[in-house]
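**Q** Mind looking over this structure? Questions follow.
The values are calculated or read from the model by the stated rules, or taken from the named source; none is laboratory data. Because the structure is predicted, anything quoted here is derived from the model rather than measured. Here Cβ is always computed from backbone atoms with ideal geometry, including for glycine, and neighbour counts include all displayed protein chains. Just so you know, the surface numbers come from the protein's heavy atoms only, side chains and all, with ligands and any DNA or RNA stripped out. Shrake-Rupley method; radii C 1.70, N 1.55, O 1.52, S 1.80 Å.
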Number of protein chains: 2
Amino acid sequence: MATIYDVAKAAGVSPKTVSRVMNGDAPVNQATREAVEQAMLALNYVPSSAARTMRSQRSGLIGMITGAISTTHQFEDAGLPEIYLVQGAQRVIGQSNRTLLIADSGGQADRIPTLLQTFREHRVEGILYVAEYHREVTLPASLRDLPIVLVNCFDAAETPCILPDDEGGQFTLVDGLIRRGHQRIAYLTLPEHQVACGLRVAGYHRAHAQHGIAVDERLIQVGALPSPTHEFDLLWDALDRVLKAEPTVICCANDKMAMRVYGLLRDRGVAIPQQMSVAGYDDYRMIAEHLHPGLTSAVLPYAAMGARAADKLLRLIGGSTKPGEPNREHVSAPVAWRDSVLTRDANVTQLNSRRRET
Amino acid sequence: MATIYDVAKAAGVSPKTVSRVMNGDAPVNQATREAVEQAMLALNYVPSSAARTMRSQRSGLIGMITGAISTTHQFEDAGLPEIYLVQGAQRVIGQSNRTLLIADSGGQADRIPTLLQTFREHRVEGILYVAEYHREVTLPASLRDLPIVLVNCFDAAETPCILPDDEGGQFTLVDGLIRRGHQRIAYLTLPEHQVACGLRVAGYHRAHAQHGIAVDERLIQVGALPSPTHEFDLLWDALDRVLKAEPTVICCANDKMAMRVYGLLRDRGVAIPQQMSVAGYDDYRMIAEHLHPGLTSAVLPYAAMGARAADKLLRLIGGSTKPGEPNREHVSAPVAWRDSVLTRDANVTQLNSRRRET
DNA sequence: CTGAAAGCGCTTACAG
DNA sequence: CTGAAAGCGCTTACAG
């Protein structure tokens with residue numbers, strides 16, 4: 001494999017000049033440059049990032065660690081759309097001429113130290129630490145010396161992090177429902193210990209308050225268990241309870257629950273959306289677009305979160321964080337309106353066909 | 001940051017001895033070893049993979065390239081479960097003490113050369129090239145000099161590849177349906193130009209032949225378009241046509257289509273599975289487990305394919321491919337049986353509750 | 001605008 | 001079982 005010396009010799013210059021042409025770190029005479037470029041092409045020269053890293057002490061590598069990519073699914077379903085998170089991060093990192101190294105804990109927390117060791121051997125310049133769902137985490141103490149941004153999680157030490165705006169997402173959804181003529185809005189929530197649960201319920205209340213509508217607490221029921229065992233039984237009962245409070249729309253904690261609710265409502269002979277509107281959360285397109293009718297859902301903005309996190313990390317590394325920049329950032333997202341929600345009031349503007357609003 | 005020299009000095013040995021302790025490439029006296037290990041710990045020593053790579057000329061890096069992770073979704077839905085593929089590959093590669101570098105073409109083919117350049121700069125030892133669906137590809141000529149294994153795709157040059165056994169998967173599904181008392185089995189297929197379509201239809205026919213059942217060709221209809229536009233209209237018509245042939249079960253080209261069929265059948269007042277059984281393909285658990293009733297589906301074994309591909313690549317790199325090893329390997333998978341399929345014949349053993357068979 | 005020398009931190013090749 | 005010397009392929013620091 002050709003080295004910088006081979007190129008230098010072929011072009012009749014010094015290695016340092018070849019280096020200058022590659023890196024553009026100093027002016028090079030046009031003719032010299034062309035000779036070098038020709039030599040590089042002729043020799044099929046590919047610079048060695050190992051040599052570059054060793055000498056410059058900068059690897060150009062960013063590590064992303066996640067148990068998300070492959071949880072064991074014992075307690076949680078695969079959070080597959082988090083791959084959008086990878087995608088968003090990679091775009092930003094690629095633009096900064098760096099490379100993303102991805103490590104997967106396979107859902108086994110005890111593998112994380114090994115993965116971090118690999119990152120260290122590769123001298124990563126910073127780390128993106130991704131959680132499979134919005135939660136609090138505790139970082140291994142060994143991570144304290146590296147620039148790090150948490151994604152979809154936060155810690156007590158106020159490590160910089162990027163979070164979804166769960167409160168705002170549910171607010172936007174419920175606000176939109178009210179604007180479409182709904183007044184009795186049921187909410188089948190996540191298990192109460194989940195961070196997202198409290199935030200979204202708060203958004204649900206804020207939307208009601210803003211429109212001066214009193215909340216009937218019977219409309220809010222837990223619709224999912226921490227473990228998926230007997231999930232359908234629980235959901236069936238929760239659905240029973242909210243139906244007694246006579247809602248016109250049922251908000252579900254996520255799209256998977258909405259999918260189950262579709263089945264249960266149809267078993268009861270309830271037509272969607274004519275007799276009951278349904279909404280989800282996450283906007284997993286694999287689900288939302290293929291359900292019939294299409295599912296209205298609050299977007300969980302994974303790609304944007306990944307991009308924002310990468311951005312923040314690069315600024316941490318570059319030492320260019322803005323003065324008043326908060327450690328915790330929340331990413332907002334619109335609602336994807338589809339046909340599962342009926343606009344009830346004929347006087348309300350027809351907003352109902354596949355449109356997004358913020 | 002501590003170097004091997006710092007460790008050597010602290011332990012009172014030569015750098016080469018430290019190297020031997022780390023790599024286990026030669027016997028080291030027990031006492032010496034302990035002194036070295038203690039010094040490494042005390043100095044918080046982390047070896048530099050850049051230095052190691054440069055001197056040894058082996059990077060320990062495997063590149064995975066995929067447009068899959070982030071297609072633009074113009075023509076195809078996100079093939080998100082392919083993340084299982086990453087997971088399967090990473091497990092095997094991690095076991096070989098190597099590190100996986102993942103690059104994402106973002107669905108833009110013109111970005112691939114840049115990504116490959118990055119891989120080359122990092123001196124990857126081999127490449128896994130992943131397609132978003134079972135298809136033929138043409139590799140860039142520049143890839144000819146690197147060990148490479150295609151995953152979910154193949155090329156005319158017979159590059160080693162790992163493919164799903166689509167024929168066998170559909171055979172297993174239809175065979176299982178027949179054993180459960182179904183004789184009139186509808187099949188809503190993929191668009192005909194798709195590689196998987198022909199293979200699966202062949203599996204459908206083989207299962208019928210094996211049981212001596214003549215195939216009514218009206219039962220086979222194309223249920224999806226290459227582009228998702230007007231997909232529901234097409235599916236509605238295709239469903240109409242197969243229903244006229246009076247099936248007892250409808251096989252769908254994939255789980256997403258099955259999800260749409262659930263909705264359409266229910267609009268017609270057809271109960272699943274009491275009046276009509278339904279089966280899918282892919283076993284996307286995010287869909288199959290949350291539909292009501294749970295969807296029977298042929299498994300698309302992404303994790304196994306990733307692992308097999310990594311395995312094959314490592315053998316290519318190590319020069320330890322078996323003598324008669326074929327270039328193309330097909331990965332078989334079972335069917336995940338769930339409640340969407342009714343066992344029709346009371347005399348048939350009850351096989352019907354959430355079991356897997358090969 | 002260009003170059004000569006040194007060094008990043010390991011492992012190789014050799015010697016004992 | 002252990003070590004001294006050299007070199008992997010770049011960029012740094014300096015000089016002109």
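**Q** Quick test of your reading of the structure: B:Gly203 fulfils all but one of (1) in contact with a Cys (Cβ under 8 Å, 6 or more places away or on another chain); (2) at pLDDT 95 or above. Name the failing condition by number.
**A** Only one criterion is unmet by B:Gly203, namely (1).
**Q** Quick one: how many residues across segment B:140-153 are free of Cβ contacts under 8 Å to residues at least 40 places away in the same chain and either over 19 Å from B:Gly306 (Cβ atoms) or in contact with a His (Cβ under 6 Å, 6 or more places away or on another chain) (or both)?
**A** 6
**Q** In segment A:28-50, how many residues are part of a helix (DSSP H, G or I), open to solvent by 40 Å² or more (accessible area, probe 1.4 Å) and more than 11 Å from DNA strand C (Cβ to nearest atom)?
**A** 5
**Q** Hey, another quick one. Inside segment A:151-171, can you point out the residues that are surrounded by fewer than 24 Cβ atoms within 10 Å (Cβ to Cβ), within 19 Å of the chain's Cα centre (by Cα) and among the aliphatic types (A, V, I, L, M)?
**A** A:Leu163
**Q** I need a count of the residues in segment B:94-115 that are more than 10 Å from chain A (Cβ to nearest Cβ), surrounded by 15 or more Cβ atoms within 10 Å (Cβ to Cβ) and among the aliphatic types (A, V, I, L, M).
**A** 1
**Q** May I pose another question? Do you know which residues across segment A:16-27 are near DNA strand C (Cβ under 8 Å from one of its atoms), open to solvent by 40 Å² or more (accessible area, probe 1.4 Å) and over 12 Å from A:Glu37 (Cα atoms)?
**A** A:Lys16, A:Pro27, listed by residue number.
**Q** Quick one: in segment B:1-15, of everything that is crowded, with 18+ Cβ neighbours inside 10 Å and either more than 8 Å from DNA strand D (Cβ to nearest atom) or within 14 Å of chain A (Cβ to nearest Cβ) (or both), which residue is nearest to the chain's Cα centre (by Cα)?
**A** So the first thing to find is which residues in segment B:1-15 are crowded, with 18+ Cβ neighbours inside 10 Å, and the list is B:4, B:7-8, B:10-11, B:13.
The next check asks that each one be either more than 8 Å from DNA strand D (Cβ to nearest atom) or within 14 Å of chain A (Cβ to nearest Cβ) (or both); those that pass are B:4, B:7, B:10-11.
On the way: B:Ile4: 41, B:Val7: 44, B:Ala10: 49, B:Ala11: 48 Å.
Once the filter is applied, the top-ranked residue is B:Ile4.
**Q** Hey, another quick one. Just checking, which of B:Arg55, B:Arg20 is closer than 24 Å to B:Glu125 by Cα, more than 14 Å from chain A (Cβ to nearest Cβ) and either within 11 Å of DNA strand D (Cβ to nearest atom) or modelled with pLDDT under 95 (or both)?
**A** Testing whether each residue is closer than 24 Å to B:Glu125 by Cα, more than 14 Å from chain A (Cβ to nearest Cβ) and either within 11 Å of DNA strand D (Cβ to nearest atom) or modelled with pLDDT under 95 (or both) leaves just B:Arg20.
**Q** Within segment B:60-74, is there a residue that is within 12 Å of chain A (Cβ to nearest Cβ), open to solvent by 70 Å² or more (accessible area, probe 1.4 Å) and at pLDDT below 95?
**A** Yes, there is a match, as at least one residue in segment B:60-74 is within 12 Å of chain A (Cβ to nearest Cβ), open to solvent by 70 Å² or more (accessible area, probe 1.4 Å) and at pLDDT below 95.
**Q** Select from segment B:327-337 the residues that are of a type outside the set (Asp, Glu) and either within 19 Å of the chain's Cα centre (by Cα) or assigned to a strand (DSSP E or B) (or both) and list them in ascending order.
**A** Passing the criteria: B:Asn327, B:Arg328, B:His330, B:Val331, B:Ser332, B:Ala333, B:Pro334, B:Val335, B:Ala336.
**Q** Can I ask one more? Restricting to segment B:294-334, count the residues that are under 29 Å from B:Tyr187 (Cα atoms) and open to solvent by less than 30 Å² (accessible area, probe 1.4 Å).
**A** Of the residues in segment B:294-334, 14 are under 29 Å from B:Tyr187 (Cα atoms) and open to solvent by less than 30 Å² (accessible area, probe 1.4 Å).
**Q** If you don't mind, another one. Whether any residue in segment A:23-46 is away from chain B (no Cβ under 14 Å), of a type in the set (Val, Ile, Thr) and either near DNA strand D (Cβ under 9 Å from one of its atoms) or touching a residue at least 40 places away in the same chain (Cβ under 8 Å) (or both) is what I want to check.
**A** no
**Q** Name the residue that is surrounded by the most Cβ atoms within 10 Å (Cβ to Cβ), counting only residues in segment B:178-189 that are touching a helix residue (DSSP H, G or I) at 6+ places or on another chain (Cβ under 8 Å) and in contact (Cβ under 8 Å) with a residue 40 or more places away in the chain.
**A** Here is the first cut: in segment B:178-189, the residues touching a helix residue (DSSP H, G or I) at 6+ places or on another chain (Cβ under 8 Å) are B:178, B:184-189.
Narrowing further to those that are in contact (Cβ under 8 Å) with a residue 40 or more places away in the chain: B:184-189.
On the way: B:Arg184: 13, B:Ile185: 25, B:Ala186: 29, B:Tyr187: 25, B:Leu188: 26, B:Thr189: 24.
Out of the qualifying residues, it is B:Ala186.
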